[in-house]
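Okay, so here's the structure we're looking at.
The values are calculated or read from the model by the stated rules, or taken from the named source; none is laboratory data. A quick note: this is a predicted structure, and the numbers were derived from the prediction, not measured. Reconstructed Cβ throughout: ideal geometry from the backbone, glycine too, with neighbour counts over all protein chains shown.
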Amino acid sequence: MSDIKNPGNTNPLLAGLRGRCPRCGTGKLFDGLLDITDQCRECGLQFFGADAGDGPAVAGIFILGFGVVGLAWMFELLVQPPLWVHAVVWTPVILASTVGFLRPLKGLTVGLQYKYRAVDEPEKLGGQ
Ligand SMILES: [Zn+2]
């Protein structure tokens, strides 16, 4: 674990979007593609309490749903391809953009939890 460099200058939301630790901005937030790591290797911040839940998926559904349906609609109006072309074109677009959107949205959610202290809150009396 190294010293924290300029911890006050890190924007937790931007760091989360980039997949970096919301406290130090340099350590990796993800262990693999979408799994949140247990602890930042740079500053030691623990992510055990970080739970993005369904928020990133719901936000991604709204953003991608409007975007892909709009693009498919424009493609249909301009090109008027057969239906199998839509299936061939939009299936990989949807799969790739889903994974591409989910990771930054999940990082943003963890950054929001860190900024508004949803993770590091001290335990309340009674263990709740
Ligand atoms: Zn860190």
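Does residue 99 meet the test of being out of contact with any strand residue (DSSP E or B) (no Cβ under 7 Å at 6 or more places or on another chain), closer than 30 Å to residue 30 by Cβ and at pLDDT below 90?
Against the criterion (out of contact with any strand residue (DSSP E or B) (no Cβ under 7 Å at 6 or more places or on another chain), closer than 30 Å to residue 30 by Cβ and at pLDDT below 90), residue 99 qualifies.
Being of a type in the set (Ser, Thr, Tyr) and within 17 Å of the chain's Cα centre (by Cα) is the filter; apply it to segment 88-109 and report the residue that is farthest from residue 64 (Cα to Cα).
Going residue by residue through segment 88-109, those that are of a type in the set (Ser, Thr, Tyr) are 91, 97-98, 109.
Imposing the further condition that a residue be within 17 Å of the chain's Cα centre (by Cα) reduces the set to 97-98, 109.
On the way: 97: 8, 98: 7, 109: 17 Å.
Looking at residues that are of a type in the set (Ser, Thr, Tyr) and within 17 Å of the chain's Cα centre (by Cα), I get 109.
Listed here are the residues, each with its yes/no results for (1) within 16 Å of the ligand (Cβ to nearest atom); (2) in a loop (DSSP other than H, G, I, E, B); (3) in contact (Cβ under 8 Å) with a residue 12 or more places away in the chain.
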| position | (1), (2), (3) |
| --- | --- |
| 23 | yes, yes, yes |
| 32 | no, yes, no |
| 44 | yes, yes, yes |
| 49 | yes, yes, yes |
| 56 | no, no, yes |
| 59 | no, no, yes |
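Condition check ((1) loosely packed, with under 13 Cβ neighbours inside 10 Å; (2) at pLDDT 90 or above; (3) within 16 Å of the ligand (Cβ to nearest atom)) across all residues:
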position	(1), (2), (3)
3	yes, no, yes
9	yes, no, yes
12	no, yes, yes
19	no, yes, yes
39	no, yes, yes
52	no, no, no
64	no, yes, no
68	no, yes, no
74	yes, yes, no
